[in-house]
Amino acid sequence: MRTPNKTFCLALALAAACIILTSSGLMASEDGGGYDAKAWKDFGLRVMNFAVFFAILFLLLKKPVKEFFRGRSETIARTMEYLETQARNLEEQNQVMKRKLSQLASEREGILAQFERDGAKERDRIIAEAKRTAEQIVRKAETAVAQEAVAARRELARQTGLMAVAIAGEVLAKNVHDEDKSLIMKDFVSQITRLPARR
């Protein structure tokens, strides 16, 4: 920081002194008709007093003020550097987050596509399993119906045979006489005697 030169300081001190004296009216003579020696002497003493005070004040405050402004400048520079670093870091983080968001979007699309493929496969598997189960049920039902039909035919044949025997028995009981019975018995016995003997 540049220090002001002595001429500038003296001019500043004189200007301040003139302003003070003019405003207080000390430079005017008692009769109001100009300026007298006493007033000039008083003016000179005041200017010198002010100049000494200003010089002392300047010498005393020069270093602290300079240090204050230097420290303030350094603080501001450090703060600006820190803020610039933070801005760069935030920009990098922003770029990283944008990349991550882009990756997440593509991953989400991939996951959704995989879910759709898996769902289609699972749907096809369930449909195929349902068809197999339905075919098994139909085959079992057809087998059961066929078995029931065979059993029903057998039962029908058995019942028909029993009914035929019963009807034949009734017919024979009505139409066969004792003579017919003895002929049937003789015929039966003769047929049995003609059968080969079992060994």
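The values are calculated or read from the model by the stated rules, or taken from the named source; none is laboratory data. Keep in mind that what you see is a predicted model, and the values were worked out from it rather than measured. Virtual Cβ from ideal backbone geometry, glycine too; neighbours counted across all protein chains shown.
Here are the numbers for the structure shown:
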{"read-out": "Test: residue in segment 152-167 that is at pLDDT 75 or above and surrounded by fewer than 10 Cβ atoms within 10 Å (Cβ to Cβ)", "value": "no"}
{"read-out": "Single residue of segment 112-169 satisfying the filter (of a type in the set (V, I, T) and assigned by TED's automatic domain parsing to the domain that holds I184) that is nearest to I184 (Cα to Cα)", "value": "V165"}
{"read-out": "Test: residue in segment 115-138 that is modelled with pLDDT under 90, of a type in the set (S, T, Y), under 51 Å from the mean Cα position of the chain (by Cα) and surrounded by 10 or more Cβ atoms within 10 Å (Cβ to Cβ)", "value": "yes"}
{"read-out": "Single condition K66 does not satisfy, out of (1) under 36 Å from the mean Cα position of the chain (by Cα); (2) surrounded by 11 or more Cβ atoms within 10 Å (Cβ to Cβ)", "value": "(1)"}
{"read-out": "Unmet criterion (only one of (1) modelled with pLDDT under 55; (2) assigned to a helix (DSSP H, G or I)) for T3", "value": "(2)"}
